[in-house]
Amino acid sequence: MLVRILLFCLLGLVVAGGNGDSKASGGGHNRHGNGKGNGKGKKLPLKPNMVLILADDQDAGTHTREIMPRLFDRLVDKGVNYENFFTPVSLCCPSRVSLLRTQAAHNHNITNVELPHGGWVKFNNAGYVKHTMPDFLQAAGYNTYYVGKYMNQQTEANCVELPVSGFNASDMLVDPYTYDYWRPGFSVNNGPVEIHEDTYSNDIVAQKGLAHLDSALASSRPFFVGIAPIGPHSYMNSSLRKSSARLYMDTPLWPIRHNHMFNDAQLPRTESFNPDEPMGVSWVKTLPKLNSSNVAYLDEFYRGRLRSLQSIDEMVGQIFDKLEAAGALDNTYVIYTSDNGFALGTHRRQPGKTLAFEEDIKVPLAIRGPGMPKGFTDTVSSYGMVDLSRTFLDLAGAKPDYEDDGTKINLHLGNERSTGARSYMKHRHSLTEFWVRGIEEGRFVESSYRLNNTYRTLRVHDTVAGKPVTYSYGVWCTGERELYDLTTDPYQVRNLLAPLNALGKFAAFDADAVLGTEMQRVLHRLDALTLVLKTCVGKSCVEPYSALFPRGQVHTLREAMRGKYDGFFANLPKVHFDHCMLGYQSRLEQPEWDDAWAYMK
Ligand SMILES: *[C@@H]1O[C@H](CO)[C@@H](O)[C@H](O)[C@H]1NC(C)=O
Ligand SMILES: *[C@@H]1O[C@H](CO)[C@@H](O)[C@H](O)[C@H]1NC(C)=O
Ligand SMILES: *[C@@H]1O[C@H](CO)[C@@H](O)[C@H](O)[C@H]1NC(C)=O
Ligand SMILES: *[C@@H]1O[C@H](CO)[C@@H](O)[C@H](O)[C@H]1NC(C)=O
Ligand SMILES: *[C@@H]1O[C@H](CO)[C@@H](O)[C@H](O)[C@H]1NC(C)=O
């Protein structure tokens, strides 16, 4: 075990210092394993394989053993589960672009699922094709494969003229068939759409994914295989999508073999579920209480989600069976995650995402791989899509051809104690951003789209004065703010800034009376982090305190809370929006962080 860890560390060094070519890949006939055949002469270090399973709209609340037993048995119990993993934007396309580009959304500026602010056409216009994580993996000697949902607005009309880059083989779901569970349509290797009538989407994605895994295993080069089923995303009938401008998003569908499952399941009736008082800010606080038929529909919708996850759970088992049979598990990282979360009924909501509540932004992340501890839960670090992307690049010894915003996820190779001083620097924050319309899904929705859904929301956790603290802090384009103390209010039903929102006085605010001195001190720190992170590039995204304290006095919220910095934080300018507008318009979000404001003592 020790030897393997050592070998792995060595490999990391070789790879990081290498020229990104495929020299390391000539490991002989047992290329994809490293446990067997040891001791037979000199063995070149091998680059690890990577299999990414990317679910669609799966919130962390559904990441449980009861719901996905094979995932827990084969992956979570034998790897690391990350409890704090967040989407950069609670919407598929922008989140996937962060994964492909290793960039915060304010840097890639693909902010919606469709033109003018996002989607596959904008991605092309931005010049991002050929400059994506899989392109960089290929340059580092990898064979790369992808099947399933890649990016919104890849359509049957544009999939040939706008080819994807970076894959040896690709099998992309294209619109309008992407979310049609029983009529998926694929563009195979950038070819014209192939429609599969009466075939369950998650099952054919599994079948195609396993075939790609076979090709990957047959080659002597290291591989990356991405498998992205649409479950448990809402169902969209492709015929209706063609014939109507309205969004018809409905309960996810499942194959007959899962009919009997979860018949008694109900959404958890937490404190935030369909509350008696309206909550939140902007359009959320105008939502009416849900009536009994609506609640029954939400429960049925939830059962549909759970059933649509079953085929994915089965696929996870099949992927491990295949890797095991090929003797490849010892040199393969398998990663399970989702692009963004999903809410149903909380804060009186219809099904949907696009907000920054925990259910919208917190997604599963579990990784199993060589040298990683088994059944370990990381409750301390906080990571996002850009960090996962950076982890793929680092494992492969690949580099983007621009400055990226990620940091490699702590895979806990070795163990907690051995990370020593570095645990000090653990990444404990994430920023979620949003600039376009909010979307509501399901049969009870009248208009689907919600204006005034622009916000920047920071989520921070740390230990202050010996106690764990977790805060969610959002600044909205409407002038409103949200601050939740998640340690005492995990369901976000008490916005500590609600009284100030009601006064509409944020321009010159003195929150002392409302918040108390201690919480106001916290708020000044959260404001400073938001100020740095909202335009961060590279290092300042990973270590925002390094921008605030270039001389290195402060690395954590705990250290920032020292009384001697009170004046510094209180006097920094506060982030605010001028007014609400669609798309990321930096002039509306002044000021921008200026290095001249840093603490220079
Ligand atoms: C982001 O893209 C929008 C169009 O979606 C454009 O209007 C805006 O200027 C861009 N913002 C930045 C900061 O580049
Ligand atoms: C995969 O693509 C890369 C880059 O084009 C190429 O060098 C490699 O040979 C391909 N692998 C296979 C198995 O075709
Ligand atoms: C999809 O919509 C079409 C047109 O309204 C309808 O004929 C078809 O039955 C629908 N499919 C499903 C699976 O509901
Ligand atoms: C609930 O509200 C919907 C309209 O949103 C209505 O169609 C339905 O009849 C109502 N159900 C009950 C039980 O009042
Ligand atoms: C959006 O917010 C502005 C305040 O910035 C408000 O005047 C306007 O009425 C809101 N519009 C909607 C549709 O909620």
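The values are calculated or read from the model by the stated rules, or taken from the named source; none is laboratory data. For clarity, every value in this text was computed on a predicted model and none was experimentally measured. Neighbour counts run over all protein chains shown; Cβ positions are idealised from the backbone, glycine included. SASA here: full protein model, heavy atoms, side chains in, ligands and nucleic acids out. Shrake-Rupley method; radii C 1.70, N 1.55, O 1.52, S 1.80 Å.
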Of all accessible surface on the chain at a 1.4 Å probe, what whole percent is carbon and sulfur? 53
For the stretch 403-410, in order, what is each residue's ³J(HN,Hα) by Karplus, 6.51 cos²θ - 1.76 cosθ + 1.60 with θ = phi - 60°, in whole Hz (x at glycine and Pro)? 7, 9, 10, x, 9, 5, 5, 5
Kyte-Doolittle mean at least -0.5 and Cα extent at least 30 Å along the axis: which DSSP H helices of the chain qualify? 292-325
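For the stretch 184-315, how big is the tail of P(r) above 17 Å, as a whole percent of Cα pairs? Write out the running numbers ahead of the final one.
Details: 6145 of 8646 pairs.
So the pairs more than 17 Å apart make up 71 percent of the total in the stretch 184-315.
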Using only the alpha carbons of the chain, determine the length spanned along each of the three principal axes and report them from longest to shortest in whole angstroms. 71, 60, 45
State the extension gain, in nm to one decimal, for the chain segment bounded by F444 and D578, taking 0.36 nm per residue of separation less the distance between their alpha-carbons. 45.0 nm
Ranked highest first by average number of other Cβ atoms within 10 Å, how do 345-352, 157-164, 539-546 line up? 345-352, 539-546, 157-164
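State, as an integer percentage, the relative contact order of the chain based on alpha-carbon contacts under 8 Å between residues 6 or more apart. Working shown, then result.
Values: 1313 pairs, mean separation 111.5, N = 601.
Relative contact order here is 19 percent.
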Dipole of the chain (Lys/Arg Cβ +1, Asp/Glu Cβ -1, origin at the Cα centre): which of Y545, V164, T478 lies farthest to the positive side? Y545
Principal axis dimensions, largest first and in whole angstrom, of the stretch 134-227 by Cα: 36, 27, 16
Per q in 0.17, 0.19 1/Å, what log10 I(q)/I(0) does a Debye calculation on the alpha-carbon atoms of the stretch 242-397 return? -1.18, -1.29
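In square angstrom, what is the accessible area per residue of the chain with a 1.4 angstrom probe? It would help to have the intermediate numbers written out before the result.
Working: 22550 Å² over 601 residues.
About 38 Å² of surface per residue is accessible.
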Between the stretch 319-345 and the stretch 170-213, what's the alpha-carbon centroid distance in Å? 19
In deg cm²/dmol and to the nearest 500, what is the mean residue ellipticity at 222 nm of the chain if only DSSP H runs of at least 4 residues count, each as -39500 (n - 2.57), divided by the residue total? -8000 deg cm²/dmol
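In percent, how large is the relative contact order of the stretch 454-593, given Cα pairs closer than 8 Å and 6 or more residues apart? Intermediate results must be reported in sequence, preceding the final value.
Numbers: 189 pairs, mean separation 33.1, N = 140.
With pairs under 8 Å counted, the relative contact order is 24 percent.
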Give me the one-decimal Kirkwood hydrodynamic radius in Å for the stretch 210-281, with the sum taken over alpha-carbon pairs. 17.5
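Based on the Cβ-Cβ distance from A211 to R269, what FRET efficiency comes out when R0 is 41 Å, to the nearest 0.05?
On the way: r = 43 Å, r/R0 = 1.05.
Once rounded, the FRET efficiency stands at 0.45.
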If ligands, DNA and RNA are left out, what is the accessible area of F136 with a 1.4 Å probe, given in Å² to the nearest 10? 20
Looking at the P(r) of the stretch 516-601, how many percent of alpha-carbon pairs lie beyond 17 Å? 48
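Computed over the Cα atoms of the stretch 454-593, what is the convex hull's projected area averaged over all directions, in nm²?
It is 8.6 nm².
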